[in-house]
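Novice: Pasting a structure here, questions to come.
The values are calculated or read from the model by the stated rules, or taken from the named source; none is laboratory data. Bear in mind the structure is a predicted one, so any value in this text is a computation, not a measurement. Using ideal geometry, Cβ is built from the backbone for each residue, glycine included, and neighbour counts are taken over all protein chains shown. The protein model used for the area step is the full one, side chains on, heavy atoms only, and it has no ligands, DNA or RNA in it. Shrake-Rupley method; radii C 1.70, N 1.55, O 1.52, S 1.80 Å.
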Amino acid sequence: MFRPKALGGALTALATAAAGVFIAAAVSTSPAVAAGTGTGYLHTNGNKIVDSTGTTVRLTGINWFGMETDNKTFHGLWSNNPWRGQLDKMASLGYNTLRVPYSNDALKPGATASGINDFVNPDLVGLSPLQILDKVIDYAGSKGMRIILDRHRPTAAGQSPLWYTSTVSEATWINDWKMLAQRYAGNPTVIGADLHNEPHAEGTNPAATGACWGCGDTTRDWRLAAERAGNAILGVQPNWLIFVEGVSCPSGGLSNVWDNDPSNDEDCGWWGGNLSKAGEFPVRLNVANRLVYSPHEYATSVYEQEWFKAADYPANLPAIWDKYWGYLHKQNIAPIMMGEFGSTLADPRDKVWLEKLMAYTGTGVNGMSFTYWSWNPNSGDTGGIALDDWTNINTAKQAILQPYLIAPSGGGSSPTPTATPTATPTGGPTNPPTGACTATYRQVNAWQGGFQGELTVKNTGSAAVNPWSVAWSWPSGVTLGSGWNATVTQAGTTVTAAAPSHAPSLAAGASVTVGFTANGTASAPATVRLNGVSC
């Protein structure tokens with residue numbers, strides 16, 4: 001069977017573009033350190049994903065789509081929840097990895113992002129799709145999250161069975177991947193490339209025209225194409241993981257029920273979900289320990305597969321998963337990172353399916369990795385973890401996933417706001433001498449009812465401040481919208497920016513810049529303090 005998902009798991013919700021002032025975005029090159037996602041770049045060891053120290057890592061992530069659609073950037077930027085607030089929520093729920101679908105249209109010079117609420121996200125106005133991606137990667141990395149880039153569609157118009165089309169060549173596909181690998185070289189927040197989303201069958205056997213696995217036809221054999229693209233990427237960025245999805249039917253064609261030839265009636269699965277031939281015909285990469293297989297798996301809200309109607313459902317599910325992709329993990333051949341799975345949960349069978357699937361992946365750090373489809377509520381196939389306001393959460397879905405999530409170091413609940421300390425208990429923060437800090441403020445932008453600013457604090461003392469905490473005052477009526485580069489909270493008129501767990505120390509002579517948006521009259525921070533000491 002096939003997965004009839006013409007829009008790649010998402011029914012496009014379009015919003016009008018907002019014009020504005022160009023704001024430059026920087027690409028972070030800071031090292032990624034997180035409890036759930038390890039240190040430095042990742043590689044593989046048997047069926048495990050491990051970090052630069054050899055510690056086992058489990059990616060428990062989520063998809064945030066939109067960059068593959070006509071908007072050419074993340075959906076939900078039109079909502080009242082700022083883009084950083086959405087990433088904050090993902091991390092706090094335990095999602096340590098973000099899979100980002102894109103189309104090659106979004107990478108073209110002159111590509112324009114649309115559907116951005118310039119009142120809520122003024123820092124994104126005028127940026128290109130890639131510049132917005134830069135900012136999301138930078139902020140996600142500051143929270144300890146990892147990023148997987150997913151070539152979801154050749155164009156915004158829709159998915160394709162093969163990795164190329166009449167208008168988007170294989171050369172364009174590979175060259176765009178090499179460009180992305182070079183753009184994010186040296187930034188271990190970006191861990192790898194999901195080469196092409198959901199290769200699948202087209203045409204009927206024996207005259208198949210879709211993606212096959214192991215058939216040897218270089219124009220259709222997805223396994224061989226994955227090798228060509230994967231090796232080209234590794235030639236530019238040898239530290240990336242290469243995520244390879246399956247096909248739907250290994251022959252690349254749908255069964256022709258009218259030819260009366262049983263040999264053509266092969267066993268097919270979800271688009272991108274059939275890796276049954278990968279054991280016999282493995283993907284061969286020039287750099288060892290970089291291959292991760294990434295199947296997709298869905299429920300009845302996407303398509304009524306035969307196995308959902310079987311008399312022994314749901315007991316039949318583990319054997320089906322074993323056949324299509326689970327054997328690769330169980331036989332220690334390669335890691336599994338289930339790139340998409342999801343459901344509306346409208347059918348009671350789907351709740352059972354999701355519970356069984358999560359149990360199948362295993363618990364704790366040794367379980368299989370995954371990225372749930374999707375954060376977006378506007379996926380017509382599945383709905384999302386976020387509800388229609390892009391702020392509140394579908395608690396029924398989250399409750400099933402929660403036991404399997406391993407939060408990034410920057411995730412978890414925000415600390416309760418407290419008064420700025422004036423004394424240092426044993427083992428607590430090390431305060432610099434009185435007056436040993438300076439503070440400078442820059443207003444980045446302002447609009448009716450709000451503003452955006454950056455407060456830079458320098459430790460001018462002779463010792464590190466660990467962990468650091470910056471506090472300031474605002475006039476009554478000015479309230480925090482969102483903050484970054486720290487955990488920013490407000491109590492009354494006092495705002496506190498606490499050090500993120502991945503960067504707790506502020507060395508002597510070092511500076512930290514805390515960014516924020518706020519509601520109310522534009523106001524510079526007053527009575528700025530570093531760990532209780534006035535600057």
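Novice: Quick one: work out the % antiparallel among DSSP beta bridges in segment 33-142, nearest 5.
Specialist: Working: 7 of 11 bridges.
Expressed as a percentage, antiparallel bridges in segment 33-142 total about 65.
Novice: Order 105-111, 195-201 from most to least packed using the mean count of other Cβ atoms within 10 Å.
Specialist: Working: 105-111: 16.1, 195-201: 28.0.
Most protected by this proxy first, the peptides run 195-201, 105-111.
Novice: Taking the Cα atoms only, what angle lies between the long axis of helix 83-93 and the longest principal axis of the chain, rounded to 10 degrees?
Specialist: The two axes meet at around 70 degrees.
Novice: Here is a follow-up. What residues have an amide H closer than 5 Å to that of VAL533, excluding those fewer than 5 places away on the same chain, when H is modeled at 1.01 Å from N in the peptide plane?
Specialist: none
Novice: Still on this structure: Within the chain, what percent of beta bridges assigned by DSSP are antiparallel, to the nearest 5?
Specialist: Numbers: 50 of 82 bridges.
Here the share of antiparallel DSSP bridges comes out near 60 percent.
Novice: Take peptides 334-344, 306-316 and line them up by average Cβ neighbours within 10 Å, highest first, as a rough protection proxy. List each step's numbers first, then the result.
Specialist: Details: 334-344: 25.5, 306-316: 12.0.
Ranking the peptides 334-344, 306-316 by packing returns 334-344, 306-316.
Novice: Under a straight-distance cross-link criterion of Cα-Cα below 27 Å, which lysines are reachable from LYS48, leaving out those fewer than 8 residues away in the same chain?
Specialist: Counting by Cα, and skipping residues close in sequence, LYS48 has these lysines nearby: LYS143, LYS178, LYS277, LYS323, LYS330, LYS356, LYS397.
Novice: Of the listed peptides 468-474, 167-173, what is their order by residue-averaged count of other C-beta atoms within 10 Å, with the highest listed first? Let's see the in-between values first.
Specialist: Details: 468-474: 22.3, 167-173: 14.9.
Taking the mean over residues of other Cβ atoms within 10 Å, the ranking is 468-474, 167-173.
Novice: Report ³J(HN,Hα) in whole Hz for each residue of segment 330-336, in order, from the Karplus equation J = 6.51 cos²θ - 1.76 cosθ + 1.60 where θ = phi - 60°; Gly and Pro get x.
Specialist: Coupling constants for segment 330-336: 5, 8, 6, 7, 6, x, 10 Hz.
Novice: So what's the gap between the Cα centers of segment 304-346 and segment 127-201, to the nearest angstrom?
Specialist: 26 Å
Novice: Please list, in order along segment 202-217, the HN-Hα scalar couplings obtained from phi with the Karplus expression 6.51 cos²θ - 1.76 cosθ + 1.60 (θ = phi - 60°), rounded to whole Hz, x for Gly and Pro.
Specialist: 8, x, 10, 5, x, 9, 5, 10, x, 6, 10, 10, x, 7, x, 7
Novice: Quick one: which residues, 5 or more positions from VAL444 or on another chain, have an amide H under 5 Å from its amide H? H modelled 1.01 Å from N in the peptide plane, none for Pro or chain starts.
Specialist: GLN452, GLY453, GLU454
Novice: Dipole size in debye (nearest 20) for segment 258-356 around its Cα centre, Lys and Arg Cβ +1, Asp and Glu Cβ -1? Intermediate values should be presented prior to the final figure.
Specialist: Values: 9 positive and 15 negative charges, 126 e Å.
Dipole of segment 258-356, to the nearest 20 debye: 600 debye.
Novice: For helix 129-142, what angle does its Cα long axis make with the longest principal axis of the chain, in degrees from 0 to 90 and rounded to 10?
Specialist: Compared with the principal axis, the helix lies near 70 degrees.
Novice: While we're on this one: Can you give the helix-only mean residue ellipticity at 222 nm for the chain, where every DSSP H stretch with n ≥ 4 adds -39500 (n - 2.57) and the sum goes over all residues, rounded to the nearest 500 deg cm²/dmol? Could you put the intermediate results ahead of the total?
Specialist: Details: 8 runs with 84 residues, N = 535.
-4500 deg cm²/dmol, from helical runs alone.
Novice: In addition: Tell me, what is the 1.4 Å probe accessible area of ASP267, in Å² to the nearest 10?
Specialist: Ignoring ligands and nucleic acids, ASP267 comes out at about 80 Å².
Novice: Continuing with the same structure: For the chain, how big is Rg over Rh, using alpha carbon atoms and the Kirkwood form of Rh?
Specialist: My calculation of the ratio gives 1.00.
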